[in-house]
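Peer 1: Can you read through this structure? Questions will come right after.
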Amino acid sequence: MDELIQLKEIKKYFPWKKHKYVKAVDSVSLSIKKRDIFGLVGESGSGKTTLGRMMIHLIDPTSGSVFYKGEEITKIKKLEKGLRRNMQIVFQDPYSSLHPRKKIKDIIGSGLRTHNLVRNEGELTTKVEEFLNLVGMGEEHLYRYPHELSGGQRQRIAIARALILNPEFVVLDEPTSSLDVSVQAEILNLLKKLREEFDLTYIFITHDLYLARIITEKIAIMYLGKIMEYGDTESIFKNPLHPYTEALFSVIPKLDPKKRVEKIVLKGEIPSPVDPPLGCRFHTRCVKKIGEICEKISPPLKEIEEKHFVSCHLYD
Amino acid sequence: MVSNLAKDNSQNWIISWRKRYSSEISDFKETVFLIKKSPLTMVGLTVILILIAMAIFAPYIAPHDPVTMHLDNRLAPPSKAHLLGTDELGRDILSRIIYGAGVALKIVLIVLAIDLPLGILLGLTAGYFGGWVDEIIMRIADIFMAFPRLILAMAIGTALGPSLRNTMIAIALTMWPVYARLARGETLSIKERTFIEAERALGTSNFRILVFNILPICISTLIVRATLDMGNIIRIAAGMSFLGLGAQPPTPDWGLMVSTGRNFLVNQWWVPTFPGFAILLAVFGFNLLGDGIRDISDPHLRRGRK
Amino acid sequence: MAKEVLLEIKNLRVNFYTYRGVVKALNGVNLKIYQGEFFGLVGETGCGKSVTASAVLNLVQNPGKIEEGEIFFKEKDLLKMSKEEIREKVRGKEITMIMQYPIAALNPVMNNGDQIAEALIANKNMSESEARKRTIELLREVNIPEPEKIIRQFPHQLSGGMAQRVMIAMMLSTEPSLLIADEPTTALDVSIQAQVLSLLKDLISKHKATVLLITHDLSVVAETCSRVGVMYAGDMVEVGTVDQIINNPFHPYTQGLIKAIPSDRSKELVEIRGSVPDLVNPPSGCRFHPRCDYAKPICRKEKPRVLQVEKEHMTACFLYEERHDKRSKEEYAGEYKGGENG
């Protein structure tokens, strides 16, 4: 059984004002295999961040089930410590994900204390140093505070903090979006190296399609809480089937003028997840809309070519 | 050779100690720099240091015993023997003022020793857990806060009976809601921050999150507030003593001295006036210091703090 | 067809006097922008691109100080103008600016219609009724649906993309000669970014304005701009047309940047070793030398001057001195791992 995580019809509705809900994730089913580098791609309101957190049981789904290695973990109020250690997360903003008043040693070592993985301070320091070195930093940083470090360095600390618990899979929530381009390359190469070394499974959340192409092996394109298209990254890039995916690819700015295609500039704004359009979520902006069927019925995910699924009435 | 080794080891130890705390050391240096930059804060700090010195060294610096009566030398004007004169029972006013510093500081410390822990405990709990716990705690706080402080203190003081101890309890009871609210407000904003979410992802228990992650951040705001309140505490305590609800004779309490001395204001002005000045200077000093600490703690002033 | 120079920055030096020390933010920046072009200024955090924009509008605030330099706008040195002159004649009229977070730049307690109308009345001396009419026109021009409804709403009710379009409407309302856009689409989603950029391009050609686009995203520049300037740590390291910079970059930093960006071309991301320097103690000589694979001893000693290496394509790098200078070969001997250019 190499299915690590399975999500079955996961929904997350956040209550909003009176009797309304922000439908952040609206019925998503996915499965992640061990050693996958799985990308979740989408714009704001797509639900990718919420979905990522539900995968590691940081947020409880409103309905639907989450399975970890075959066992359902949805209902467990507080994950047993062993399970908690297996799933970790690196957050987007390195400026707010580290406690401003704690030293680096305590930030990275926090998990070790909670899970009683070390017997004394000395052991903790040694272990923390080990992981500092792994992420390319030295022991001189042990007693520093986050504000003394750069964005790239802070993100390395966040990675060390997640990995010191020896997790099986890590959710990377836009880990480089807040960093400079040149630093981004360093961090991503570090993540690749660590994945090899520790045999990790990554769930890589990003809004940058080209980044996803370089890093991920499988990808899911999300829009307003639903998956529009998913499958092997290369096959989606070579042959985008969903009109939203096509539009996205056409509008991303490209360095090479020869690669620029006719832009499908989507009209209108991204609708609010409080009142998402009925039927296919994308129909209000879709240039290939068929008609009423798109307005009324949400298309199911269908495998159109091998390992390439789309949710669109064009392929019914 | 052994002694050289020992010297090396102790030097290494000092060096590594300095490395470990280098951030704290530079923060401290920055704080000192900022304090020196602000003359008003320096004034406040000086006043408070003088008060503390008076409190600690009273038995050594006071020229006379503060309690012994000398009825043959009542209401004597300021002179070489009695620099600030004597009161209606012949006691040296200067000595009583010096000992009075200790009384005032004791009041401040005990009130804060009750209120800070109490406020933190209630505020953190209310803010973090929310729900009915929050409602109950905050409504109780509201009830206390609905009354003007001095009135409430007087009421509690009267109910408990006039004494210094009861004054301290009364003042503490009127002030805890402020700290609870402050702690609760800080907790509410901190608990949503990403680094707290990160702790939850690591599996940290609520208790550890509260004590080791949220509390260290709250505490600085609360301490700043406490220093701003020190002047108020002295003022209210002086008021209570003035009304007879606080310190009882023969305790050298400044408020009490003003109260018992007020009949002599016209002809023997020194009897109530000097204690009155003492109150004024103490409150003023604490206020300046409190303002200064608040400004210095402002993260925008400090480099790199986020 | 001779191109007219609209904005020329000469040897601009700006320092920031902070507690930690003096931050040498701009180290003698030179820049020429021609009438009618779309010029992109590219660089990472701390390179000084935003400071350059602030300097043009004389908005460099304490603890920053413009130490040296000249900024010629239509032949007049902006740095020598009085504050009043800049405020009344230049800022908001001839030169306007849009920024990264448009909602933060708008007044939260004034409705959208009032804000635009106010700008029109103040800067174009319109009457109130004229301003109101023109406001609706402007909103239509920037493709805002239901402008009558939007004018009564407040900025926080707008989405990022719409707020940016309102800003563009306001900033173009005075028919400026130069529009400075400081990271205008960085905070927007890709699909909205495309909308805003295409709108910007249309309006610029319609109003015949010139744009200085500041961004860290080279791909955005590739699609919208005609010429590009690359900045690093307070220096302008390379300037050229978009095609030159992207297909034949001279400066090692530009080359490194292109290899590090995820784009339609890359299969992997190549790091630039080292990190952005602390500008309180910047590296001596060429500020990029500690991170440069082609660094020679002279790079540590002297600051390279800007040379035109091919037509319209300039760079400040000792690798290219050889093509233009008659200095003795000894000065160029030293560590030189085979490079691609020069």
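Peer 1: Suppose R0 equals 25 Å; then what is the FRET efficiency for A:Lys75 and A:Trp16 from their Cβ-Cβ distance, rounded to the nearest 0.05? Mind dumping the intermediate values first?
Peer 2: Details: r = 25 Å, r/R0 = 0.99.
The value I calculate is 0.50.
Peer 1: Still on this model: How high is the relative contact order of chain C? Use alpha-carbon pairs under 8 Å, at least six apart in sequence, and give a whole percent. Intermediate results must be reported in sequence, preceding the final value.
Peer 2: Details: 611 pairs, mean separation 64.0, N = 342.
RCO, chain C: 19 percent.
Peer 1: Can you give me the span-like helices of chain C, meaning DSSP H runs with 15 Å or more of Cα extent along the axis and Kyte-Doolittle mean at or above -1.0? Present the calculation step by step, with values, prior to reporting the outcome.
Peer 2: Details: long enough: C:112-124 (18 Å, -0.28); C:128-141 (19 Å, -1.36); C:160-172 (18 Å, 1.15); C:190-207 (25 Å, 0.58).
Counting only whole DSSP H runs, the qualifying helices are C:112-124, C:160-172, C:190-207.
Peer 1: A further question on this structure: Could you give me the percent of Cα pairs per 10 Å distance bin for the range C:154-248, shortest bin first, beginning at zero and ending with the bin that holds the maximum distance?
Peer 2: For the range C:154-248, the binned pair fractions read 14, 45, 32, 8, 1 percent.
Peer 1: For a quick check: with amide H placed at 1.01 Å from N, whose amide H comes under 5 Å from A:Val171's, ignoring anything fewer than 5 positions away on the same chain?
Peer 2: Counting only residues 5 or more places away or on other chains, the set is A:Gln88, A:Ile89, A:Val90, A:Ile203.
Peer 1: Assuming R0 = 25 Å, can you tell me the calculated FRET efficiency for the pair B:Leu280 and B:Lys106, based on Cβ-Cβ distance, to the nearest 0.05? Before the final figure, lay out each step's value.
Peer 2: Numbers: r = 19 Å, r/R0 = 0.77.
Given R0 = 25 Å and the Cβ-Cβ separation, E is 0.80.
Peer 1: When a/c reaches 1.5 or more, the comparison of a/b and b/c decides; with that in mind, is chain B rounded, prolate or oblate per its Cα gyration tensor? If you can, show how the numbers build up before the last one.
Peer 2: Details: a/c = 2.59, a/b = 1.44, b/c = 1.80.
It comes out oblate by the Cα gyration axes.
Peer 1: Still on this model: Using label points projected 7 Å from each Cα along Cα→Cβ, tell me how many nm separate C:Glu146 and B:Ile140, to one decimal.
Peer 2: Result: 5.0 nm between the two label points.
Peer 1: If you average over every viewing direction, what projected area does the convex hull of the Cα atoms of the range A:3-315 give, in nm²? Show your work: numbers first, answer last.
Peer 2: Numbers: hull surface 70.6 nm².
Computing the convex hull of the Cα atoms and averaging its projections yields 17.7 nm².
Peer 1: Which order do peptides B:229-240, B:54-65 fall in by mean Cβ count within 10 Å, highest first?
Peer 2: Descending packing order for the listed peptides: B:229-240, B:54-65.
Peer 1: What are the trypsin sites (Lys or Arg not before Pro) within the range C:57-122 that DSSP puts in a loop, where the Cβ has at most 13 other Cβ atoms within 10 Å? Can you show the working numbers first?
Peer 2: Values: sites: C:Lys65, C:Lys74, C:Lys76, C:Lys80, C:Lys83, C:Arg87, C:Lys89, C:Arg91, C:Lys93; in loops: C:Lys74, C:Lys93.
When the trypsin sites (Lys or Arg not before Pro) of the range C:57-122 are filtered for loop state and at most 13 Cβ neighbours within 10 Å, nothing remains.
Peer 1: With label points built 7 Å along Cα→Cβ from the Cα atoms of C:Gln157 and C:Ser226, find their separation and express it in nm.
Peer 2: 4.1 nm
Peer 1: With r defined as the distance between the Cβ atoms of A:Lys288 and A:Thr126 and R0 fixed at 35 Å, what FRET efficiency is calculated, to the nearest 0.05?
Peer 2: Working: r = 59 Å, r/R0 = 1.69.
Efficiency, rounded to the nearest 0.05: 0.05.
Peer 1: Over all Cα pairs of the protein assembly as shown, how is the pair count split among 10 Å bins, expressed in % and running from 0 up to the last occupied bin?
Peer 2: It works out to 2, 9, 15, 18, 19, 15, 10, 6, 4, 1, 0, 0, in whole percents.
Peer 1: Per the Kirkwood definition applied to all pairs of different Cα atoms, how many angstroms is the hydrodynamic radius of the range C:104-175?
Peer 2: Values: mean 1/r = 0.0850 Å⁻¹.
Final number for the Kirkwood radius of the range C:104-175 is 11.8 Å.
Peer 1: Could you work out the mean projected area of the convex hull around the alpha carbons of the range B:151-205, in square nanometres to one decimal? Write out the running numbers ahead of the final one.
Peer 2: Working: hull surface 21.5 nm².
Mean projected area of the Cα convex hull: 5.4 nm².
Peer 1: Taking the Cβ of B:Thr68 as the center, what net charge do the other residues with Cβ under 10 Å away carry, scoring Lys and Arg +1 and Asp and Glu -1?
Peer 2: -1
Peer 1: Please order C:Cys47, A:Cys286 by the number of other Cβ within 10 Å, starting at the fewest. Each step should come with its number before you reach the end.
Peer 2: Numbers: C:Cys47 27, A:Cys286 21.
Fewest to most other Cβ atoms nearby, the residues stand as A:Cys286, C:Cys47.
Peer 1: I've got another one for you. Find which of C:Ser129, C:Gly160, C:Met110 sits farthest along the positive direction of the dipole of the range C:104-175, computed with +1 on the beta-carbon of Lys and Arg, -1 on that of Asp and Glu, about the Cα centre.
Peer 2: C:Gly160
Peer 1: For A:Ile214, what is the net charge nearby, where nearby means another residue's Cβ is under 9 Å from its Cβ and Lys, Arg count +1, Asp, Glu -1? Walk me through the intermediate numbers first.
Peer 2: Working: positive: A:Arg213, C:Lys267; negative: C:Glu268.
Its environment carries a net charge of +1.
Peer 1: Next up: Taking only complete DSSP H runs, can you tell me which helices of chain B stretch 30 Å or more along their own long axis by Cα positions and average at least 0.5 on the Kyte-Doolittle scale?
Peer 2: Working: long enough: B:39-61 (31 Å, 2.25); B:93-129 (53 Å, 1.86); B:164-191 (39 Å, 0.44); B:215-242 (38 Å, 1.28); B:270-297 (40 Å, 1.06).
Answer set is B:39-61, B:93-129, B:215-242, B:270-297.
Peer 1: So in the protein assembly as shown, what percent of DSSP beta bridges are antiparallel if you round to the nearest 5?
Peer 2: Counting only bridges with both partners in the protein assembly as shown, antiparallel ones make up about 60 percent.
Peer 1: Net charge within 12 Å of B:Arg262 by Cβ-Cβ distance, Lys/Arg positive one each and Asp/Glu negative one each, not counting B:Arg262 itself? Kindly include the intermediate steps, with their values, before the conclusion.
Peer 2: Numbers: positive: none; negative: B:Asp87, B:Glu88.
Here the count lands on -2.
Peer 1: Then there is this: Could you list C:Thr96, B:Thr68, B:Thr251, A:Thr49 so that the one with the fewest beta carbons within 10 Å of its beta carbon is first and the one with the most is last? Please report the intermediate quantities before stating the final value.
Peer 2: Working: C:Thr96 26, B:Thr68 12, B:Thr251 18, A:Thr49 21.
Ascending Cβ contact count within 10 Å gives the list B:Thr68, B:Thr251, A:Thr49, C:Thr96.
Values quoted throughout were computed directly from the atomic coordinates according to the rules given, and no laboratory measurement underlies them. All values derive from a computational prediction rather than experimental measurement. Because the Cβ atoms are built from the backbone with ideal geometry, glycine has one as well, and the counts that use them run over all protein chains shown.
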